[in-house]
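Asks: Before anything else, here's the structure in question.
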Amino acid sequence: MIDILLAFDNDDINAGIFLTECRDDILNFFNGKVFPLSIINSNELNHNHINKSTSHLKSFIFVTYCHGNETCLAEGGANVFLSETINISNFSNTFFYTVSCSSGHTLGHELIKNGCKNFFGYKEHFNFYSGFSSFLECANHGLFLFINGESTDNVYSQMIQNYDYHIKKVYKTDPVIASLLLHNKNALVKIGKNITINDLII
């Protein structure tokens, strides 16, 4: 069985409510499933704790919803726990799934160079809007597909289709929401090999 680490910046002053809702939806998905889960919340989202939690694992799934930029992920936007020089080598033989701004631009490629098998993230700003569940459903959709056995190539194409579905559903009544979802869709990236969850079991 593959270890799964779920890391959320749930106390963030701006996005904390959205990130908490995403976390709760993911935990509900895993309810009744037999996976060794580790939950990392804001107070533990720092480079030392991430190093301690990952350095001994040979293969795992890492899921993080947090602040990001082109080269790093950080709690509160300032407390960097993963970058090109921090903890990067801990993520070989992993499936890395993140909802964070811009980390798919550079950091995702650096993770792949350091042995990560596959990376899902966003190469530009990630949008969300309170009161619209489409953002949460689109954010979590790919993770659920991968856990259920879909290959990463199929996960990506189905995520794009899911974005299209939600965009079409709201564009006449809420064109601003549709445009924000479209931006997220166009920013979504998949980097690395085409794998399934079985490829992570060593």
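The values are calculated or read from the model by the stated rules, or taken from the named source; none is laboratory data. No experiment lies behind these values; they were computed from the predicted model shown. Neighbour counts run over all protein chains shown; Cβ positions are idealised from the backbone, glycine included. Surface accessibility is based on the protein's heavy atoms, side chains included, excluding ligands, DNA and RNA. Shrake-Rupley method; radii C 1.70, N 1.55, O 1.52, S 1.80 Å.
Asks: If one takes the longest principal axis of the Cα atoms in the chain, at what angle in degrees, from 0 to 90 and to the nearest 10, does the Cα axis of helix 152-170 lie?
Replies: 30 degrees
Asks: Relative to the first principal axis of the alpha-carbon coordinates of the chain, what is the inclination of helix 175-187, with its axis defined by its Cα atoms, in degrees from 0 to 90 and to the nearest 10?
Replies: The two axes meet at around 30 degrees.
Asks: Identify the chymotrypsin sites (Phe, Trp or Tyr not before Pro) of segment 95-192 meeting these criteria: DSSP loop state and at most 14 other C-beta atoms within 10 Å of the C-beta. Walk me through the intermediate numbers first.
Replies: Working: sites: 95, 96, 97, 119, 120, 122, 126, 128, 129, 132, 135, 144, 146, 156, 163, 165, 171; in loops: 126, 128, 129, 132, 171.
Sparse-neighbourhood loop chymotrypsin sites (Phe, Trp or Tyr not before Pro): 129.
Asks: Using only alpha carbon pairs under 8 Å that are at least six residues apart, calculate the relative contact order of the chain and give it in whole percent.
Replies: Values: 393 pairs, mean separation 38.9, N = 202.
RCO, the chain: 19 percent.
Asks: Further question: What number comes out for accessible area per residue over segment 12-121 if the probe is 1.4 Å? Units Å², please. Don't jump to the answer; show the numbers that get you there.
Replies: Numbers: 4660 Å² over 110 residues.
For segment 12-121, the solvent-accessible area averages 42 Å² per residue.
Asks: Kindly provide the helix-only [θ] at 222 nm of the chain, computed as the sum of -39,500 (n - 2.57) over DSSP H runs of four or more divided by all residues, to the nearest 500 deg cm²/dmol? Walk me through the intermediate numbers first.
Replies: Details: 6 runs with 77 residues, N = 202.
The helix contribution divided over the chain gives -12000 deg cm²/dmol.
Asks: Right, next: Give the percent of DSSP beta bridges with both residues in the chain that are antiparallel, rounded to the nearest 5. Spell out each step's value before the answer.
Replies: Values: 11 of 30 bridges.
If I count the DSSP bridges inside the chain, around 35 percent turn out antiparallel.
Asks: Okay, next question. Any idea what log10 I(q)/I(0) is at q = 0.14, 0.19, 0.20, 0.21 Å⁻¹ for segment 45-186, Debye with uniform C-alpha scatterers and no solvent?
Replies: -0.66, -1.12, -1.20, -1.29
Asks: Considering only protein heavy atoms and a 1.4 Å probe, what is the carbon-and-sulfur percentage of the accessible area of segment 3-200? If you can, show how the numbers build up before the last one.
Replies: Values: 4190 of 8780 Å².
Percent of accessible area from carbon and sulfur atoms in segment 3-200: 48.
Asks: Gap in Å between the Cα centre of segment 138-172 and the Cα centre of segment 15-35?
Replies: 17 Å
Asks: Sequence neighbours fewer than 8 away in the same chain don't count; with that in mind, list the aspartates and glutamates whose C-alpha is under 17 Å from residue 169.
Replies: Straight-line reach from residue 169, under 17 Å: 137.
Asks: List the pairs from 113/190; 58/190; 58/117; 117/190 whose alpha-carbon separation is above 18 Å, in the order I gave them. Working shown, then result.
Replies: Values: 113/190 14 Å; 58/190 22 Å; 58/117 12 Å; 117/190 11 Å.
Too far apart for the 18 Å limit: 58/190.
Asks: Return P(r) of segment 1-87 (all Cα-Cα pairs; 5 Å bins starting at 0; whole %; ordered from short to long distances).
Replies: Result, from short to long distances: 3, 14, 25, 24, 19, 11, 3, 0 percent.
Asks: Report, in degrees rounded to the nearest 10, the 0 to 90 angle that the Cα long axis of helix 16-30 makes with the longest principal axis of the chain.
Replies: The answer is roughly 70 degrees.
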